[in-house]
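Let me begin by presenting the structure, written as structure tokens, before commenting on it.
The values are calculated or read from the model by the stated rules, or taken from the named source; none is laboratory data. Everything numeric in this text was worked out from a predicted model, so none of it was measured. Cβ placement follows ideal geometry from the backbone for every residue including glycine, while neighbour counts extend to all protein chains displayed. To get the accessible areas, we keep the full protein, side chains included, count just its heavy atoms, and leave off ligands, DNA and RNA. Shrake-Rupley method; radii C 1.70, N 1.55, O 1.52, S 1.80 Å.
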Amino acid sequence: MQRRFLALWFPFLPTDRLLRDRPFARRDDGPLVLIDQQRGAMRLTACDADALSHGLAPGMTLADAQARVPALITVVADPAADRQWLERIADACDRFTPLVEAEPPDALVLDMTGCLHRHDGEAGLIADVSAAMRRWASGIRLAMAATPEGARALARFQSAPARDEAAALRRLPVSALELDSESEHGLRRAGLKTIGDLADQPPAPLAARFGTEAIDRLNRVLGRSDSRITPRRALPALMLERRFAEPIATADTAMAVIGELAVEASAALEERRRGGRRFVARLYRSDGHVIDLSVESGLPLRDPARIQRLFEERVGALADPIDPGFGFDMIRLAVPQDEPLAAAQLALEGGETREEAVAALIDRLSTRVGRQRVRRFVTRDSHMPEQASLALPAMDVQAPAPWPEPEAGEPPLRPVHLFDPPQPVEVIAGLPDGPPQRFRWRRTLHEVARAEGPERISAEWWRRAPGDPGLTRDYYRVEDVRGRRFWLFRHGLYGDERADPRWYVHGLFA
């Protein structure tokens, strides 16, 4: 299949963004320009069509521009806002193809290979995209070619649409190759003013004089060498969509459509013996706005009822309800990545296995309150108490390692709950390096009735920072006269590492 790429160039993107975000800045009030501090002076960075018709251009100083056009509307440039605006336009273009590449500051390239049948050919596609982009830009240039570089060159430098793509590319100026200024100037001085002039020359002398980059760019523009885009989002493992001749006007209908797509996705995944851990629904409004809904699962999943329930939980947890606006004209459900999923063994009484039930509960809670708020403790290979376990999102832990179990009848060696950071205490000991006899914690004095230890833990020498002595810890399990049990440690060996070691309480036993 021949690859086809569609390039979109927005020559007035910064001013279009400003006019839509700030409706008080009307073109009727005068030409609109964006300014910024460059090379020691305020200069124009973008102009609208009215400003260009008055002879203004980016790079001109603000003083010169105001001298030519006194009634000039000036606004400080915001490149970050322009990039966000371009990303929003790219989201709107996602309805035509999932392979969209953003080329800041003012261009997009769409890989339309295999998508032209939906729009009655290239002419229909260009008409549909032009109609959709009128909501976002006042001026837009579009062109299609066999390579991204060729489409971009035609969109920027072609004065009028041409029937013959190869001939149109050959008529373009050498500036369409987007070389550095020195190479472009050298080509013009050599009499090579168009891409056709350059294509008629033998490549070896050109590469020797102007470098291999010029030849590489020429081959890519003319389609002599293969070229692809780097899309904003990777192509999902499975993607299903519904298009509507009449936009659906309610969020409940949209959720019902997502449920129908989940049934189709389940059948496709079951045929592949695969499952998905993440499902993404995109709701495309007729005004170009896109609403994203994503849910995750701790285990591979393809049960449509569970998928639908997770999306309902996600919608219920939104701070603002879904606004359909003038209606949704397309809904897409994607599975970004699938994993092997064999048939599950059911319990004898007909219910699901315990593992699946726990996974379903974790999925619902994580979807409702947030994946970072539902955590699971996992062991870590470290002898430092505060680093021996980590609290990770429960969805990310598929097969947690078993915890070491104490011997039967023996008390736990370490408490379950640890203070982070350990809390300082004042300790009185019979000997400088002996167990504590009494200690004061939180302004309360505790008399020690029993003490067991020490359990000596050395610092991890391979993690020490330069200049860090790495103090040793001596841990004691102590019980006061009221039966309360604490886990204390002395930080630093007396005399060898510190003259006056500090004491801390690191945890409490139940």
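Somewhere in segment 454-463, is a residue at pLDDT 90 or above, basic (Lys, Arg) and out of contact with any Asp or Glu (no Cβ under 6 Å at 6 or more places or on another chain)?
no
Find the strands (runs of 3 or more DSSP E) located wholly in segment 432-483 whose residues include 2 or more that are of a type in the set (Phe, Trp, Tyr) and under 25 Å from residue 412 (Cα atoms), and list them. If you could, list the steps in order and put the result at the bottom.
Values: elements: 436-441, 444-457, 473-480.
Those strands (runs of 3 or more DSSP E) span 436-441, 473-480.
Which residue out of 356, 405, 352 is among the acidic types (Asp, Glu), open to solvent by less than 80 Å² (accessible area, probe 1.4 Å) and either out of contact with any Asp or Glu (no Cβ under 8 Å at 6 or more places or on another chain) or at pLDDT below 75 (or both)?
Values: 405 fails: open to solvent by less than 80 Å² (accessible area, probe 1.4 Å); 352 fails: open to solvent by less than 80 Å² (accessible area, probe 1.4 Å).
Testing whether each residue is among the acidic types (Asp, Glu), open to solvent by less than 80 Å² (accessible area, probe 1.4 Å) and either out of contact with any Asp or Glu (no Cβ under 8 Å at 6 or more places or on another chain) or at pLDDT below 75 (or both) leaves just 356.
Which one of these does residue 365 not meet: (1) modelled with pLDDT of 75 or more; (2) in a loop (DSSP other than H, G, I, E, B)?
(2)
Check off (1) modelled with pLDDT of 90 or more; (2) under 23 Å from residue 6 (Cα atoms); (3) open to solvent by 40 Å² or more (accessible area, probe 1.4 Å) for residue 160 and give me the number that stays unchecked.
Failing condition for residue 160: (1).
Conditions: (1) surrounded by fewer than 20 Cβ atoms within 10 Å (Cβ to Cβ); (2) touching a Gly at 6+ places or on another chain (Cβ under 8 Å). Residue 92 meets all but one. Number of the miss?
In the conditions (1) surrounded by fewer than 20 Cβ atoms within 10 Å (Cβ to Cβ); (2) touching a Gly at 6+ places or on another chain (Cβ under 8 Å), residue 92 misses (1) alone.
Considering each of 14, 31, 98 in turn, give the residue that is over 32 Å from the mean Cα position of the chain (by Cα), crowded, with 20+ Cβ neighbours inside 10 Å and in contact (Cβ under 8 Å) with a residue 12 or more places away in the chain.
Details: 14 fails: over 32 Å from the mean Cα position of the chain (by Cα); 98 fails: over 32 Å from the mean Cα position of the chain (by Cα).
Only one candidate passes the filter, namely 31.
Quick check: is even one residue across segment 156-165 without any contact (Cβ under 8 Å) to a residue 24 or more places away in the chain, among the hydroxyl-bearing types (Ser, Thr, Tyr) and either in contact with a Lys or Arg (Cβ under 6 Å, 6 or more places away or on another chain) or part of a helix (DSSP H, G or I) (or both)? Full working, then the answer.
Pass one, segment 156-165, residues without any contact (Cβ under 8 Å) to a residue 24 or more places away in the chain: 157-165.
When the remaining residues are screened for being among the hydroxyl-bearing types (Ser, Thr, Tyr), the result is 159.
Next cut, either in contact with a Lys or Arg (Cβ under 6 Å, 6 or more places away or on another chain) or part of a helix (DSSP H, G or I) (or both) only: none.
Checked segment 156-165: no residue is without any contact (Cβ under 8 Å) to a residue 24 or more places away in the chain, among the hydroxyl-bearing types (Ser, Thr, Tyr) and either in contact with a Lys or Arg (Cβ under 6 Å, 6 or more places away or on another chain) or part of a helix (DSSP H, G or I) (or both).
Hey, among 490, 438, 473, 414, which residue is open to solvent by less than 90 Å² (accessible area, probe 1.4 Å), under 44 Å from the mean Cα position of the chain (by Cα), basic (Lys, Arg) and modelled with pLDDT of 90 or more?
Numbers: 490 fails: under 44 Å from the mean Cα position of the chain (by Cα); 438 fails: under 44 Å from the mean Cα position of the chain (by Cα); 414 fails: modelled with pLDDT of 90 or more.
Of the residues listed, the single one that is open to solvent by less than 90 Å² (accessible area, probe 1.4 Å), under 44 Å from the mean Cα position of the chain (by Cα), basic (Lys, Arg) and modelled with pLDDT of 90 or more is 473.
What is the number of the single condition among (1) open to solvent by 20 Å² or more (accessible area, probe 1.4 Å); (2) under 22 Å from the mean Cα position of the chain (by Cα); (3) closer than 19 Å to residue 339 by Cα that residue 298 does not meet?
(1)
Output yes when any residue across segment 330-338 is open to solvent by 30 Å² or more (accessible area, probe 1.4 Å), within 27 Å of residue 135 (Cα to Cα), out of contact with any helix residue (DSSP H, G or I) (no Cβ under 7 Å at 6 or more places or on another chain) and not in a helix (DSSP H, G or I), and no when none is.
Scanning segment 330-338 turns up no residue that is open to solvent by 30 Å² or more (accessible area, probe 1.4 Å), within 27 Å of residue 135 (Cα to Cα), out of contact with any helix residue (DSSP H, G or I) (no Cβ under 7 Å at 6 or more places or on another chain) and not in a helix (DSSP H, G or I).
If you go through segment 163-178 one residue at a time, how many are in contact with a Phe, Trp or Tyr (Cβ under 8 Å, 6 or more places away or on another chain), farther than 16 Å from residue 11 by Cβ and buried (at least 17 other Cβ atoms within 10 Å of the Cβ)?
Narrowing segment 163-178 to residues in contact with a Phe, Trp or Tyr (Cβ under 8 Å, 6 or more places away or on another chain): 172-173, 175-176.
The next check asks that each one be farther than 16 Å from residue 11 by Cβ; those that pass are 172-173.
Okay, now just the ones that are also buried (at least 17 other Cβ atoms within 10 Å of the Cβ), so 172.
Counting residues in segment 163-178 that are in contact with a Phe, Trp or Tyr (Cβ under 8 Å, 6 or more places away or on another chain), farther than 16 Å from residue 11 by Cβ and buried (at least 17 other Cβ atoms within 10 Å of the Cβ) gives 1.
As an exercise: evaluate residue 149 against (1) among the charged types (D, E, K, R); (2) open to solvent by 50 Å² or more (accessible area, probe 1.4 Å); (3) over 22 Å from residue 286 (Cα atoms) and give the number of the one condition it does not meet.
(2)
Name the pairs: first residue in segment 219-238 and more than 17 Å from residue 93 (Cβ to Cβ) and small (Gly, Ala, Ser), second residue open to solvent by less than 40 Å² (accessible area, probe 1.4 Å) and assigned to a loop (DSSP other than H, G, I, E, B), Cβ to Cβ under 9 Å, at least 6 apart or on different chains?
Correct list of pairs: 223/146; 223/147; 225/147; 227/146; 227/147.
To keep it simple, each residue is scored yes or no on (1) open to solvent by less than 40 Å² (accessible area, probe 1.4 Å); (2) part of a helix (DSSP H, G or I); (3) out of contact with any helix residue (DSSP H, G or I) (no Cβ under 9 Å at 6 or more places or on another chain).
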{"site": "264", "(1), (2), (3)": "no, yes, no"}
{"site": "268", "(1), (2), (3)": "yes, yes, yes"}
{"site": "307", "(1), (2), (3)": "yes, yes, no"}
{"site": "324", "(1), (2), (3)": "yes, no, no"}
{"site": "342", "(1), (2), (3)": "no, no, yes"}
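Can you tell me which residues in segment 443-470 are surrounded by fewer than 12 Cβ atoms within 10 Å (Cβ to Cβ), within 17 Å of residue 423 (Cβ to Cβ) and touching a strand residue (DSSP E or B) at 6+ places or on another chain (Cβ under 7 Å)?
445
Note down all Cβ pairs under 8 Å where the first residue falls in segment 273-297 and is within 18 Å of residue 136 (Cβ to Cβ) and touching a residue at least 60 places away in the same chain (Cβ under 8 Å), the second is open to solvent by 10 Å² or more (accessible area, probe 1.4 Å) and β-branched (Val, Ile, Thr), and they're at least six residues apart or on different chains.
Here the result reads 282/290; 282/291; 284/290, each pair linking segment 273-297 to a residue that is open to solvent by 10 Å² or more (accessible area, probe 1.4 Å) and β-branched (Val, Ile, Thr).
Test residue 187 against the criterion of being closer than 28 Å to residue 99 by Cβ, touching a helix residue (DSSP H, G or I) at 6+ places or on another chain (Cβ under 9 Å), at pLDDT 90 or above and surrounded by 13 or more Cβ atoms within 10 Å (Cβ to Cβ), and give yes or no.
Numbers: closer than 28 Å to residue 99 by Cβ: no; touching a helix residue (DSSP H, G or I) at 6+ places or on another chain (Cβ under 9 Å): yes; at pLDDT 90 or above: yes; surrounded by 13 or more Cβ atoms within 10 Å (Cβ to Cβ): yes.
Against the criterion (closer than 28 Å to residue 99 by Cβ, touching a helix residue (DSSP H, G or I) at 6+ places or on another chain (Cβ under 9 Å), at pLDDT 90 or above and surrounded by 13 or more Cβ atoms within 10 Å (Cβ to Cβ)), residue 187 does not qualify.
Mind checking which pairs have a first residue in segment 196-215 that is over 15 Å from residue 174 (Cα atoms) and assigned to a helix (DSSP H, G or I) and a second that is open to solvent by 30 Å² or more (accessible area, probe 1.4 Å) and of a type in the set (Ser, Thr, Tyr), Cβ under 7 Å, 6 or more apart or different chains?
Nothing qualifies.
Taking the options 186, 114, 150, name whichever one is part of a loop (DSSP other than H, G, I, E, B) and closer than 26 Å to residue 222 by Cα. Walk me through it before giving the result.
Details: 186 fails: part of a loop (DSSP other than H, G, I, E, B); 150 fails: part of a loop (DSSP other than H, G, I, E, B).
Residue meeting the stated conditions: 114.
For segment 27-78, give me the residue count where each residue is of a type in the set (Ser, Thr, Tyr) and closer than 15 Å to residue 14 by Cα. Give the steps one after another, and end with the answer.
Looking only at segment 27-78, we keep the residues that are of a type in the set (Ser, Thr, Tyr), and these are 45, 53, 61, 74.
Pick out the ones that are also closer than 15 Å to residue 14 by Cα and you get 45, 74.
Here the count works out to 2.
Among the residues of segment 223-240, is there at least one that is open to solvent by 70 Å² or more (accessible area, probe 1.4 Å) and assigned to a helix (DSSP H, G or I)?
No; the residues of segment 223-240 include none that is open to solvent by 70 Å² or more (accessible area, probe 1.4 Å) and assigned to a helix (DSSP H, G or I).
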